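The values are calculated or read from the model by the stated rules, or taken from the named source; none is laboratory data. Keep in mind it's a predicted model, so treat the numbers as computed, not measured. Heads up, the Cβs are rebuilt from the backbone with ideal geometry, glycines too, and the neighbour counts pull from every protein chain shown. Only protein heavy atoms, including side chains, enter the accessible area calculation; ligands, DNA and RNA are left aside. Shrake-Rupley method; radii C 1.70, N 1.55, O 1.52, S 1.80 Å.
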Amino acid sequence: KYRWPRIRAFKFGRFTLLLFRDLRRFFAPVRLMEQVCTSGIVVVSIILCFMLIAISLEQPVRVLSFFLMVPLIILSMHIPLSFSGWGIREVGAVALLPLANIPPEAAFAISIVYGIAIALAGLPGLVWWNLSGGQSFSKRR
């Protein structure tokens, strides 16, 4: 009867200690710089994708405007209201890219093409997952 609260408290205490240990490792200067650099590379690559799509659609590209607008579009994409940001990304593009002298129709097209490109880029992972029987990589070890 009195044994369960102690075990729960022990498990919570152990969990808390492990959490703080992992946070200390994550925020170590070397690890933190790795995370910041990796995130920066990902964001710059997304901005470049948006710029290349705009160029392919023969739209005027102002680099500084894209570096200011696209991160906001990416941020809006991560609001958990839709599947993979569909709809929200388009609204963000139509709202923000006209500030970079891109017509709303072209902004919508840029966002749609980007979404299709990301979906196509994920297909090899889907094929790999299906071939592995639907198991994650860590469960196959």
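Can you list, largest first and rounded to whole Å, the semi-axes you get for the chain by taking the square root of 5 times each eigenvalue of its Cα gyration tensor?
After scaling each eigenvalue by five and taking roots: 40, 21, 16 Å.
Mean Kyte-Doolittle hydropathy of -0.5 or higher plus an axial Cα length of 15 Å or more: which whole DSSP H helices in the chain meet both?
Once both thresholds are applied, what remains is 3-26, 29-56, 63-77, 104-131.
Quick check: pseudo-label points 7 Å beyond the Cα along Cα→Cβ at Ile41 and Asp22, how many nm apart are they?
The answer from the label model is 2.4 nm.
How many percent of the accessible area of the chain is carbon or sulfur, using a 1.4 Å probe?
Carbon-and-sulfur percentage of accessible area, whole number: 72.
Remind me, what semi-axes does segment 44-118 give for its equivalent ellipsoid, largest first in whole Å, using sqrt of 5 times each Cα gyration tensor eigenvalue?
Computed over segment 44-118, the values are 18, 12, 12 Å.
Rounded to whole Å and sorted largest first, what semi-axes of the equivalent ellipsoid does the C-alpha gyration tensor of segment 30-84 yield via the square root of 5 times each eigenvalue?
In descending order the semi-axes read 23, 17, 9 Å.
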